[in-house]
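Enquirer: Okay, here's the structure, questions in a sec.
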Amino acid sequence: IRDSIIIDPRQSYQRIDGFGYALTGGSAEHLMKMSPEARKSLLKELFDPQQGIGISCIRLTLGASDLNSFVFSYDDMPAGKEDFELKQFSLAQDLHDVVPVMREILAINPDIQILSSPWSAPAWMKTNADVRGGQLRKECYGVYADYFVRYVEAMRDHGIDIDAVTVQNEPLNSRNTPSMYWFAFEQADFIKNYLGPKFREAGLSTGIVVFDHNCDRPDYALAVYNDPEAAKYVTGAAFHHYRGDLSAMSYVHEARPDKEIYFTEQMTTERPGQRQIAIAPAVERLIVGIMRNWSRNVVLWNLAADPLNDPHTDNGGCSMCQGALTIDKDSVSRNLAYYVIAHASKFVRPGSVRIASTAPGDRSVSICEDEQRPNVFRTNVTEHAGVAANVAFRTPDGRIVLVAANDSWSRRSIRIQYNGRFAELELEPGAAGTFVWDE
């Protein structure tokens, strides 16, 4: 069939960890304001693999992010005071919201993948003694590594196992409140001489992930990897997509295929009250594009906000960050990011593997009957296949999943070829579709 999406399960790529959202302090705050019954029902819809959309990845903020009501760390000190022994370390703020919500989530899905990212070290550890901007003081590298260890151990004490941490959210952005700037060579020094050895000494299996910033700087992760003593502690690199091209993740994979690729943040918004959701472009970019560039996951920013996109910090907090959900007490509306993730999370379960499928622009080969001689067939080669954007997977339970998006103004036939079998399906203009069948 001409311009078919040909799926080849014999060619496999990365293993998939899953799909989900950041559970910011603000998101957890809104969830805790719901009645227990409403919150239980919503969390089951979100995280139950059978009865819900099966979210399988969560990103936590290690301390406050810019989507908290106020800035805090786990070891805040009065101006001019320090705490190198971390005697004041406490998860107290997270115990109000993030920890109880995570415990409810884990009761629904105990296998959910959890990654944590800090927006800043405590202010007393920084060169400017401020939550915004500045850098980690060199004399504080050791105590900050201890701070990571204490966080992972404290969360574990509450029944929450942190699978991985990123060293710093957006290390090239000092404009957020909170934020902290780190050069790649400094992050390598911190990992090889402090964080990596201290994780090992504490017996922690938590992975260490570098970069956690935009696709315009693939050099950052490669610079860290270029230090072999740092690289031996590093699981992989994380990316956002506010700048650059998603192909940057493939460049990093090609240079260091021994390291994993993760996608940890992207804000996805729509205008409130729209009658239709423009889902096809978002699925094409955030599911198809990210998965085709070697990421093991897709985590969007963020799970929930209120109708005013609150809370957020002043002086650098995101005032336009719409959640996947808009929560107003027990009233919940589902936004673009909810449906984008649901197209994959429900069907592409953890442990799935991406497999080969024809992409737009790939060469395709078809067979056609000779115009003059019936029953004589010729090969027709198309150098640039006109197929819809798509990505395919094989799941652990022996199914094939194809996610496709029709980012056009016309109804489109999705022609599929799999192991000599054919199907032709229809996608409406601007629609996305997830197609599932047995191997």
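Enquirer: Using a Förster distance of 41 angstrom, determine the FRET efficiency expected from the C-beta separation of Glu439 and Glu85, and round it to 0.05.
Expert: On the way: r = 57 Å, r/R0 = 1.38.
With R0 = 41 Å, the Cβ-Cβ based efficiency is 0.15.
Enquirer: Also: Using the scaling law 2.2 N^0.38 Å as the reference, what is the normalised Cα Rg of segment 310-417? Walk me through the intermediate numbers first.
Expert: Working: Rg = 21.7 Å, N = 108, 2.2 N^0.38 = 13.0 Å.
Scaled against compact globular proteins, the figure is 1.66.
Enquirer: Let me ask another. Anything over 18 Å Cα to Cα? Flag those among Lys198/Lys232; Lys87/Lys138; Lys259/Lys346; Lys138/Lys198; Lys126/Lys192; Lys192/Lys232, in the order listed. Kindly include the intermediate steps, with their values, before the conclusion.
Expert: Values: Lys198/Lys232 14 Å; Lys87/Lys138 20 Å; Lys259/Lys346 27 Å; Lys138/Lys198 16 Å; Lys126/Lys192 20 Å; Lys192/Lys232 8 Å.
Among Lys198/Lys232; Lys87/Lys138; Lys259/Lys346; Lys138/Lys198; Lys126/Lys192; Lys192/Lys232, the Cα-Cα distance tops 18 Å for Lys87/Lys138; Lys259/Lys346; Lys126/Lys192.
Enquirer: Which length gain, in nm to one decimal place, applies between Leu308 and Gln276 when the Cα-Cα distance is subtracted from 0.36 nm times their residue separation?
Expert: Computed gain between Leu308 and Gln276 is 9.5 nm.
Enquirer: Taking segment 198-250 on its own, what percent of its Cα-Cα pair distances exceed 14 Å?
Expert: Value for segment 198-250: 54 percent of Cα pairs lie more than 14 Å apart.
Enquirer: Work out the FRET efficiency for Asp111 and Glu383 from their Cβ-Cβ distance, taking R0 = 41 Å, and round it to the nearest 0.05.
Expert: With R0 = 41 Å, the Cβ-Cβ based efficiency is 0.40.
Enquirer: At Asn375 and Met77, where each label point lies 7 Å from the Cα along Cα→Cβ, what is the point-to-point distance in nanometres?
Expert: Computed distance between label sites Asn375 and Met77 equals 9.0 nm.
Enquirer: Can you spot the aspartates and glutamates whose alpha carbon is less than 14 Å from Lys81's alpha carbon? Ignore those fewer than 8 places along the same chain.
Expert: Cross-link targets: Asp130.
Enquirer: Mean-square fluctuation check for the chain, GNM, Cα pairs under 10 Å: which of Tyr339, Tyr151, Tyr242 is largest?
Expert: Largest GNM mean-square fluctuation: Tyr242.
Enquirer: Going by Cα centres, segment 182-243 and segment 101-145 are how many Å apart?
Expert: Result: 14 Å between the Cα centres.
Enquirer: Let me ask another. What residue among Arg363, Arg349, Arg373 has the largest mean-square fluctuation in a Gaussian network model of the chain, using Cα springs under 10 Å?
Expert: It is Arg373.
Enquirer: Bin all alpha-carbon pair distances of segment 371-431 at 10 Å intervals from 0 and give each bin's fraction as a whole percent.
Expert: Computed distribution, short to long bins: 17, 37, 30, 14, 2.
Enquirer: Report the gain in length on full extension from Arg15 to Arg411: 0.36 nm times residue separation, minus Cα-Cα distance, nm rounded to one decimal.
Expert: 139.3 nm
Enquirer: If a cysteine in the chain has no other Cys Cβ under 4.7 Å from its own Cβ, put it on the list, ordered by number.
Expert: Those would be Cys57, Cys140, Cys215, Cys368, since no other cysteine Cβ in the chain comes under 4.7 Å of theirs.
Enquirer: For Thr379, Thr269, what's the largest-to-smallest order of accessible area, 1.4 Å probe?
Expert: The residues order as Thr379, Thr269, largest area first.
Enquirer: If you build the Cα gyration tensor of segment 75-166 and take the root of 5 times each eigenvalue, what three semi-axes come out, in whole angstrom, biggest first?
Expert: The equivalent ellipsoid of segment 75-166 has semi-axes of 27, 13, 12 Å.
Enquirer: With a point put 7 Å past each Cα toward its Cβ, work out how far Leu95 is from Asn193 in nm, to one decimal.
Expert: 3.6 nm
Enquirer: What is the Cα convex hull volume of the chain when expressed per residue in Å³?
Expert: That works out to 143 Å³ per residue.
Enquirer: While we're on this one: Build a GNM of the chain with springs between Cα atoms under 10 Å: which of Gly289, Gly244, Gly26 gets the top mean-square fluctuation?
Expert: Of the options given, Gly244 has the highest mean-square fluctuation.
Enquirer: Could you state the principal axis extents of the C-alpha atoms in segment 145-240, from the largest down, to the nearest angstrom?
Expert: 38, 32, 17
The values are calculated or read from the model by the stated rules, or taken from the named source; none is laboratory data. Being a predicted model, the structure only gives us computed values, none of them experimental. Cβ sites come from the backbone with ideal geometry, for glycine too, and all protein chains shown count toward neighbours. Surface accessibility is based on the protein's heavy atoms, side chains included, excluding ligands, DNA and RNA. Shrake-Rupley method; radii C 1.70, N 1.55, O 1.52, S 1.80 Å.
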